[in-house]
Amino acid sequence: MPENDSLESIKETTIGTERIYEGHIISVRKDSVRLPNGKTASREVVEHSAAVCIVPVDENGNVLLVRQFRIPTGGPLLEAPAGGVEEGEVSEEAVLRELQEEIGYTAGKLQHLASFWVAPGWATEFMHAYLATDLTPSKLDADEDENIQVVRLPFDEAVAMFKTGEIQDGKTIASMLLAQPLLL
């Protein structure tokens, strides 16, 4: 954006909202917006709670990932453990809960890597990425609708899997690349 342009020159103002769907995990709305030039447009928005993504690394330099079938992709994905931040929970609490539910460990040390919008063109999901180390066994019951396999890989091998297409999940790729310099 050129320096002399202000944010007001690109701001869209919501002038109406229509609720399309209310679900357990997501809700969908259609917003009518007024553009800076005075014209109106529609924006379809998927509402989703904040989420966490965790790069758990053990004492041997292995990353613990999860493989699960994802209906939208038509197959399984290899991913970093992740999940929603529940009402009243802070992201660090969600990280520890998700680790215990998905891989059966807790972490003695958490390091915030970054926070980012997952798909800002159409979704409200804001994700907090963490590096988790000093892992010790600690299991919580998994969510009853999850079917997860834990996969332990050398961190560098997992990073190499980005280029081969064996890891295609964006949050996993971003989070692991953010963690990589801290593990050297």
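Read-outs: derived from the displayed coordinates by stated rules, not from any lab. Predicted model, so just to flag it, every value in this text is computed and none were measured. Cβ: placed from backbone, ideal geometry, glycine included. Neighbour counts: every protein chain shown.
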Under a point spin-label approximation (7 Å from Cα along Cα-to-Cβ), what is the residue 149-residue 87 distance to one decimal in nm?
3.7
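For the chain, what is the calculated [θ] at 222 nm in deg cm²/dmol (nearest 500), taking -39500 (n - 2.57) for each run of four or more DSSP H residues and dividing by its residue count?
Using -39500 (n - 2.57) per qualifying helix, the result is -5000 deg cm²/dmol.
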Inter-centroid distance (Cα atoms) of the range 113-163 relative to the range 49-70, Å
3
Looking at the chain, send over the antiparallel percent of its DSSP beta bridges, to the nearest 5.
85
For the chain, which longest stretch is free of loop sites, where a loop site is one of the trypsin sites (Lys or Arg not before Pro) that DSSP puts outside H, G, I, E and B and that has at most 15 other Cβ atoms within 10 Å?
40-138
Evaluate the charge dipole of the range 51-183 about its Cα centre and quote only its size in Debye, nearest 20, assuming +1 on the Cβ of each Lys and Arg and -1 on the Cβ of each Asp and Glu.
540
If unit charges are put on Cβ atoms (+1 for Lys and Arg, -1 for Asp and Glu) and the dipole of the range 1-151 is taken about its Cα centre, the option from 33, 111, 51 lying farthest towards the positive end turns out to be 33
Can you work out the Karplus-derived ³J(HN,Hα) for every residue in the range 156-164? Use 6.51 cos²θ - 1.76 cosθ + 1.60 with θ = phi - 60°, whole Hz, and x for glycine or proline.
4, 5, 5, 4, 4, 6, 5, 6, 7
For residue 22 paired with residue 164, estimate the spin-label separation in nm (one decimal), with each label point 7 Å from Cα along the Cα-to-Cβ line.
4.8
For the chain, please report how many Lys pairs fall under 28 Å Cα to Cα, leaving out neighbours fewer than 8 apart on the same chain.
9
Grab the alpha carbons of the range 41-184, take their convex hull, and tell me the volume per residue in Å³.
129
Under a crude label model (7 Å from the Cα following the beta-carbon direction), how far is residue 37 from residue 15 in nanometres?
1.5
Using DSSP to define loop residues, name the GluC sites (Glu not before Pro) in the range 45-107 whose beta-carbon has at most 12 other beta-carbon atoms within 10 Å.
59, 86, 87
Between 31, 145, 156, which gets the highest mean-square fluctuation from a Gaussian network model of the chain, Cα cutoff 10 Å?
145
